[in-house]
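The values are calculated or read from the model by the stated rules, or taken from the named source; none is laboratory data. If you're wondering where the values come from, they're calculated on a predicted model, not measured in any experiment. Glycine also receives a Cβ, built like all others from the backbone with ideal geometry; neighbour counts cover every protein chain displayed. In case anyone asks, the SASA skips ligands and DNA or RNA and just uses the protein heavy atoms, side chains included. Shrake-Rupley method; radii C 1.70, N 1.55, O 1.52, S 1.80 Å.
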Amino acid sequence: MTEQRQKLLDRFDKWLDSKPRKQIISAQCANIAEEYAEEQLRLHVVSQHRELLLGFQKSEYFDLYEQGVLEYKDAIEKYLS
């Protein structure tokens, strides 16, 4: 378990010790789930961008860019089309 996760668990346990109402607990759990989903989506998008970049670097258009035949923007546009 990471240190950050342990800190979050400790903070949550401390908050639960204050005996919050059931509705507040439900709302907090929903907030946590929403934040987690957003983070997973962000990681997925970053992963997709990485895969696109790696594919571009292996393409003929990247070679043309390196040779000075195409501008970077033009090479990417041709690769994506």
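Of the accessible area of the chain, computed with a 1.4 Å probe over protein heavy atoms only, carbon and sulfur atoms account for 53 percent. Here is the list for region 1-69: trypsin sites (Lys or Arg not before Pro) lying in DSSP coil, each with at most 11 other C-beta atoms within 10 angstrom of its C-beta, are Arg21, Lys58. The mean accessible area for residues of region 17-70, using a 1.4 Å probe and ignoring ligands and nucleic acids, is 86 Å² per residue. Summarised in one figure, the compactness ratio Rg/Rh of region 1-48, Cα atoms and Kirkwood Rh, is 1.10. In summary, the convex hull built on the alpha carbon positions of the chain has an orientation-averaged projected area of 8.5 nm².
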